[in-house]
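Below: one structure, written as structure tokens.
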Amino acid sequence: MNKNEFRQKQIECLKQIDVKTKSTKEEIITKNFFDQAEVQRAQNIAITMSNGFELDTEPIVQQLIKEAKNVYIPRTLPNHQMEFVRYDPSTQMQPKFFGILEPIDGEVVQPERLDVIVVPGLSYEITEGYRLGFGAGYYDRYLRKTDADKIVLAFSEQIYSKPEWDVEDFDVPLEKIITEKGIQFER
């Protein structure tokens, strides 16, 4: 199965998780995330505003703000580049790539200032920590620029014991994969 077919299979799988089950899993994953030492000591955390079938990141963003953390949301740029912009409740947002909300303007953080990046995707394998993203390569390009802890928050339906897709030379492995079952991978 090629990557695009596998992506579609994963999207359909995620859409099949019923609302109550999804909500229960999200609560556990969120708790597991905030229990991590690297999250507790981090000051600058980058995270995507989720969309539809993805794990809902809004409660995480609100809790980070409540804990006085600096929250940064990605903004896409030309040539499959992106940057992270400081977010607070007054930040103006607009839907962009895949309908995901992005900040219109704001303070851009330099990659070396980030402590943690919550990395989105569709599938993750737990032998080396590789992910299958949405196919545009924005995160793989950005992750090469930073030493921030790269953490995944995923449903168990997204986890594979080995990659069932082709891992490319440009794919960046992650440091930690967290699901409702706890830590599934740690480098």
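Quick notes
- For first residues located in segment 130-150 and free of Cβ contacts under 8 Å to residues at least 40 places away in the same chain, partners that are of a type in the set (Phe, Trp, Tyr) and lie 6+ apart or on another chain with Cβ distances below 7 Å form the pairs Gly133/Tyr139; Asp140/Phe170.
- Qualifying position, being free of Cβ contacts under 8 Å to residues at least 40 places away in the same chain and buried (at least 17 other Cβ atoms within 10 Å of the Cβ), among Asn44, Asn79, Asn32, Asn70: Asn70
- Within the option set Leu132, Leu174, being in contact with a Phe, Trp or Tyr (Cβ under 8 Å, 6 or more places away or on another chain), of a type outside the set (Asp, Glu) and closer than 23 Å to Lys96 by Cα holds for one residue only, Leu132.
- Tallying residues that are modelled with pLDDT of 95 or more and closer than 16 Å to Glu112 by Cβ within segment 123-142 yields 1.
- A search for C-beta distances below 6 Å between a residue of segment 1-17 that is under 17 Å from Val167 (Cβ atoms) and any residue that is aromatic (Phe, Trp, Tyr), counting only pairs 6+ apart in sequence or on different chains, returns Lys3/Trp165; Phe6/Trp165.
- Residues (closer than 22 Å to Asp149 by Cβ and polar (S, T, N, Q)) located in segment 18-33: Thr30, Asn32
- Residue within segment 116-125 that is of a type in the set (D, E, K, R) and surrounded by fewer than 21 Cβ atoms within 10 Å (Cβ to Cβ) present: no
- Taken as a whole, the structure places Gly135 among residues that are under 22 Å from Phe84 (Cα atoms), exposed (fewer than 13 other Cβ atoms within 10 Å of the Cβ), among the small types (Gly, Ala, Ser) and within 16 Å of the chain's Cα centre (by Cα).
- All told, Glu27 falls short of being at pLDDT 95 or above and assigned to a strand (DSSP E or B).
- Pair list, Cβ < 7 Å and 6+ apart or interchain, from segment 151-172 residues that are within 24 Å of Leu114 (Cβ to Cβ) to residues that are of a type in the set (S, T, N, Q) and part of a helix (DSSP H, G or I): Gln158/Gln10
- Test: residue in segment 45-59 that is under 18 Å from Glu107 (Cα atoms), part of a loop (DSSP other than H, G, I, E, B) and β-branched (Val, Ile, Thr): yes
- Filter pass, Glu128 being under 28 Å from Val19 (Cα atoms), of a type in the set (D, E, K, R) and surrounded by fewer than 23 Cβ atoms within 10 Å (Cβ to Cβ): no
The values are calculated or read from the model by the stated rules, or taken from the named source; none is laboratory data. These numbers come from a predicted model, not from an experiment. No Cβ is skipped: glycine too gets one built from the backbone with ideal geometry, and neighbour counts run over all protein chains shown.
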